[in-house]
Amino acid sequence: MAEILKFSEKSLEKAVNILKKGGVIAFPTETVYGLGANGLNPISVAKIYEIKNRPFFDPIILHIGRKEDIKKLWKEINERAEKLIEKFWPGPLTIVLPKTEIVPYIVTAGLDKVAIRMPSHFISLEILKRVDFPIAAPSANTFGRLSPTEAKHVEEQIGDKIELIIDGGKCPVGIESTVIDLTTDRNIILRPGGIPKEDIEKVIGEVEIIEKTEKISSPGQLPYHYSPKTPLKILKDYKEVKDGIKAALLAFKKPLYKEKFLKIEILSEKGDIREAASNFFSSLHKLDEEGLDIIYAEPVPEEGLGIAIMDRLKKAEIKKDKI
Ligand code: TXA
Ligand code: MG
């Protein structure tokens, strides 16, 4: 069971040590409790997904303790973002902009943009100031449950899966941050939250609220989930590989059969599902960039993170079938 410690020099040191070693902790922010890990370490981020027990991948917010950290994490910044940061950070506003290469694809679930916020809670800030990486943190609930606003909610849901919960009492805002996408010339709220739309509009003008959807139905709609451009097929039997086709293979373990593929990415040589998940989106990107006719993907065992991997593969396969 997780140790639950109140804010103190000792608990802070403990939290920071776990994070530096690649582990996961729960900590309070002003909105809700977060489940945090080193946001630049793909294996640590895979652990977060594992603990959340979600059957699919959803991109995760990077938390920073210094405004200048955005320079390492966002490839571009615009005037609207600058104005919002000036007005609302630190605080419950999360901004989505194009990511740099150091941000692992498992953080963004394969997207080329990353969500960042600087929380205002003194405990989150104190932890963030003591590490030299951003902390990737979704709300510390399990799949289908409410976001925790007290340490005991976290304990009930995931207390048996993490080492440490820092208890900062009730989260003062109590709802999640507002998530705004500024990657296009529109201002799009992907999730309403702690900062009202009207307050944002006073700073940058008109803002739209858009529900996330799987299918991209209108041209202006933002891709919310990553799918490769290259057609993808889940490969149940090597006999299905067509002759004369330029094919890539996304292999789970070391493949038994290599001849028919021009490019192969192996998710985990030793067949470790956590390692496979940590490499999944970056491997898919690499194969997609080759511009081949098809990507064949080996199925992975549908247990733990394998469920989320298979969900993404199945959705990528369905989407291409419809074209
Ligand atoms: O207040 C909060 O935002 C809390 C605290 C812990 O910071 N975090 C939180 O994280 O609520 P989570 O993972 O439960 O929700 C993050 C939301 C999700 O709806 C996710 O889809 C969206 O932000 N999101 C994260 N990264 C994104 C990205 N790169 N592009 C689009 N949406 C993103
Ligand atoms: Mg959540």
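The values are calculated or read from the model by the stated rules, or taken from the named source; none is laboratory data. Keep in mind the model is a prediction, meaning the values are calculated, not measured. Note: ideal-geometry Cβ built from the backbone for every residue, glycine included; neighbour counts use all protein chains shown. Only protein heavy atoms, including side chains, enter the accessible area calculation; ligands, DNA and RNA are left aside. Shrake-Rupley method; radii C 1.70, N 1.55, O 1.52, S 1.80 Å.
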Pairs returned, first residue in region 175-196 that is free of Cβ contacts under 8 Å to residues at least 60 places away in the same chain, second residue that is more than 7 Å from ligand 1 (Cβ to nearest atom) and among the charged types (D, E, K, R), beta-carbon separation under 6 angstrom, 6 or more apart or interchain, are I188/E208
Scanning region 169-181 for residues that are away from ligand 2 (no atom under 16 Å from the Cβ) and out of contact with any strand residue (DSSP E or B) (no Cβ under 6 Å at 6 or more places or on another chain), the one nearest to H63 (Cα to Cα) turns out to be P172
Does region 123-135 include one or more residues that are within 16 Å of ligand 2 (Cβ to nearest atom) and surrounded by fewer than 23 Cβ atoms within 10 Å (Cβ to Cβ)? no
Being within 16 Å of ligand 2 (Cβ to nearest atom) and either open to solvent by less than 10 Å² (accessible area, probe 1.4 Å) or not in a loop (DSSP other than H, G, I, E, B) (or both) narrows V107, V103 down to just V107
Log entry, pairs with first residue in region 95-106 being closer than 14 Å to A46 by Cα and free of Cβ contacts under 8 Å to residues at least 40 places away in the same chain, second being within 16 Å of ligand 2 (Cβ to nearest atom) and open to solvent by 10 Å² or more (accessible area, probe 1.4 Å), beta carbons closer than 6 Å, six or more apart or on different chains, reads none
Scanning region 281-307 residue by residue, those surrounded by 17 or more Cβ atoms within 10 Å (Cβ to Cβ) and of a type in the set (D, E) turn out to be D288, E298
- Task: Would you mind stating whether K14 is farther than 19 Å from V154 by Cα and either in the same structural domain as I175 (by TED's automatic domain parsing) or away from ligand 2 (no atom under 16 Å from the Cβ) (or both)?
- Result: no
Of G174, G144, the only residue that is within 23 Å of the chain's Cα centre (by Cα), loosely packed, with under 12 Cβ neighbours inside 10 Å and not in a strand (DSSP E or B) is G144
From the option list I175, I116, single residue qualifying as farther than 21 Å from L40 by Cβ and at pLDDT 95 or above is I175
Residue hits (region 31-62; crowded, with 21+ Cβ neighbours inside 10 Å, within 9 Å of ligand 1 (Cβ to nearest atom) and part of a loop (DSSP other than H, G, I, E, B)) are T31, V32, P59, I60, I61
